[in-house]
1. Please find the FRET efficiency linking Asn403 to Glu331, where r is the Cβ-Cβ separation and R0 is fixed at 35 Å, and quote it to the nearest 0.05.
2. So if we plug the beta-carbon distance of Phe163 and Thr263 into 1/(1 + (r/R0)^6) with R0 = 22 Å, what FRET efficiency do we get, rounded to 0.05?
3. Of all the C-alpha pairs in the range 25-230, what % are more than 31 Å from each other?
4. Using only Cα atoms, locate the centre of the range 265-321 and the centre of the range 39-53, then give the distance between them in Å, rounded to an integer.
5. In this model, which of Lys14/Lys407; Lys297/Lys357; Lys335/Lys390; Lys268/Lys335; Lys54/Lys335; Lys320/Lys361 are farther than 19 Å apart at the alpha-carbon?
6. Determine the shape class of the range 231-329: with a ≥ b ≥ c the square roots of the Cα gyration tensor eigenvalues, call it rounded for a/c under 1.5, and otherwise prolate if a/b is greater than b/c, oblate otherwise.
7. List every residue whose amide H lies under 5 Å from the amide H of Asn39, counting only residues 5 or more places away in sequence or on a different chain, with H placed 1.01 Å from N in the peptide plane.
8. Please work out whether the range 281-420 counts as rounded, prolate or oblate from its C-alpha gyration tensor, where a ≥ b ≥ c are the square roots of the eigenvalues and a/c under 1.5 means rounded, while otherwise a/b larger than b/c means prolate and anything else oblate?
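The values are calculated or read from the model by the stated rules, or taken from the named source; none is laboratory data. Here the structure is a predicted model, which means the values were calculated and not measured. No Cβ is skipped: glycine too gets one built from the backbone with ideal geometry, and neighbour counts run over all protein chains shown. Accessible surface is based on the protein model in full, side chains and every heavy atom, while ligands, DNA and RNA are left aside. Shrake-Rupley method; radii C 1.70, N 1.55, O 1.52, S 1.80 Å.
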Amino acid sequence: MKTCGSYIIRGGKKLEGEAVVSGSKNASLPILAASILNNGITKLYNVPNIHDTKVMIEILRNLGCKVKRVRDKIVIDARSVNKQEIPEELMRKMRSSVILAGALIGRMNSATFSCPGGCDIGARPIDLHLKAFENLGIKICENTGYIHCTCDTIVGEKIHLDFPSVGATENAMLVAVLAKGTTIISNAAMEPEIIDLQNFLNKMGAKVTGAGTNEIVIQGVEKLKDTGYQIMPDRIEAGTLLCAVATTGGNLKLKKVIPDHLTPVIEKLKECGCKIETTKDTLILQAPKKLNSVDIKTMPYPGFPTDMQAILVGMLCTAKGTSIVVENIFENRYKYTNELNRIGAKIMVEGRTAIIKGVRKLGNGTVEATDLRGGAALVVASLRSNGKTKVTNIEYILRGYENLDEKLNALGANITKEVG
Ligand code: UD1
């Protein structure tokens, strides 16, 4: 990844006000990929304008789609899809490009791709995706770093996932939509983004039920139809804004949020001493001057999300007492803690456990974003620093956040962006 931008953060300001949550990155990516299942036109609304959605659009264009973007609306004309191979340089730009494999197989009965890229937060293999494909009768052959998937007819089958992988669940759903017969995915991931994918597929004419539970049933259909769909709000961006404000002892009204998706995060913020009120689509947070420490274990949904782990740790650096965090999903998701320690945090990592001793304030310095959520954690922590923090490599942050600096500045933060 190119390294060219930085945030200069002057901390110590209490953040207050209102913010609107953008559309979900992790829902947009599989839904953009799924649009190629329809030999027609799809309109998507509330798609965040971030690096990862831009890469997905670049890949769709490369496969032959005509894609137009007008603000948060994206129109995909997939009638001209004419390739089944995803070029390696695009595949390496983003791990979620693997989700196109399922959509391509569903549409073209074949797909060729290299091993996906993305943030370096662990091994992130794709064995569960490939096993699900094999269950559906797809032949897989690997050579010279490329994976070739082919089949004559896709026939619905039972698929049991060894682990409720989000990506493998989505890929299996995409392959099964146009298959002959019924596919049942057991031990499926239950994340809200899977429900959003189901809702989109059904609006396009698919027959999918059970998303949000651990068993998803897909009755294959012959054809899909043109549709429009509004992407759900980004629960991780919402959680990031909440932690950013909470770390400064401020208050926030979040709009266009689904508080139900944030239950495990809300519970932890309450344990930290925050007062939280919710309606169907708003959330009001009032933070105490100093937060309490909390313990966290990341788990598949509805457990505490791994994507919020770093962000909570960024917030807990200046909480009262000692917090213990256990990362159960990705084995290498603590790189950012070394950076936090460089500006005065006291974090000790042992294997999957991080022990965070709260300090009063963090100091000045330069820190480097090492992945998307780790980068956001540096921003959150810097908001409570005594002086000036420079966060470099913000390209990682821009992969997944739409105008994070502007949203925080509107709440009273002092963040400037340096390019180059
Ligand atoms: C998705 C999210 C990511 C989030 C993660 C877990 C998107 C675009 N990304 O990633 O933000 O952190 O869910 O909530 O939606 N695994 C295997 N073999 C596989 C697939 C996964 O061993 O074939 C392992 C992974 O290494 C990891 C765990 O399963 O340890 C969870 O991964 P998975 O749920 O697949 O995450 P992603 O879909 O990559």
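1. On the way: r = 32 Å, r/R0 = 0.90.
Once the sixth-power term is evaluated, E becomes 0.65.
2. 0.50
3. Across the range 25-230, Cα pairs with separations above 31 Å total 8 percent.
4. Between the Cα centre of the range 265-321 and that of the range 39-53, the gap is 30 Å.
5. The pairs that break the limit, which is 19 Å between Cα atoms, are Lys268/Lys335; Lys54/Lys335.
6. Since a/c reaches 1.5 but b/c is at least a/b, the shape of the range 231-329 is classed as oblate.
7. Hits under the 5 Å cutoff: Leu224.
8. It comes out rounded by the Cα gyration axes.
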